[in-house]
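The values are calculated or read from the model by the stated rules, or taken from the named source; none is laboratory data. Small disclaimer: the values here were computed from a predicted structure and weren't measured. With ideal geometry, Cβ positions are generated from the backbone for all residues, glycine too; neighbour counts draw on all protein chains shown. Note: accessible area is taken over every heavy atom of the protein model, side chains too, but ligands, DNA and RNA are not part of it. Shrake-Rupley method; radii C 1.70, N 1.55, O 1.52, S 1.80 Å.
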Amino acid sequence: MNNKILIGLYIPLIEKSYDVYIPINKKVGTVKKLIEEGLIELTDHSYVIKEDSNFYSKETGQIYDVNKSVRETDLKNGSRIILI
């Protein structure tokens, strides 16, 4: 599993946390889209995708650039992020 990292994801909109493996070679925007599509399924369509949603670092509040690959960010195993 050298090409994936395990992150802690918190979604305030549905007040849930998940541990998620994400690929490090994909763009943050692609990972966000895939996670949001999965959330729609998990919540029986009560989660609604918003165009202006973003990943934020839970520790620093930093917004992750959707055009960078996960590898180019400071995300690593155990990172905690928020989807707002």
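Before moving on, here are some points about what is shown:
- Overall, segment 41-84 carries a charge dipole of about 220 debye about its Cα centre when +1 sits on the Cβ of Lys and Arg and -1 on the Cβ of Asp and Glu, all other atoms neutral.
- Length added when fully stretched, LEU13-LYS68, from 0.36 nm per residue minus Cα-Cα: 17.3 nm
- Accessible surface, the chain, averaged per residue in Å² (probe 1.4 Å): 66 Å²
- Virtual paramagnetic centre 7 Å along Cα→Cβ of GLU41, amide N under 17 Å, in segment 6-25: 18-23
- Within a straight-line Cα-Cα reach of under 12 Å, LYS27 can be paired with the following aspartates and glutamates, leaving aside sequence neighbours fewer than 8 residues apart in one chain: ASP65, GLU72.
- Taking 16 Å as the straight-line reach from the Cα of LYS50, the lysines in range (excluding those fewer than 8 positions away in the same chain) are LYS32, LYS33.
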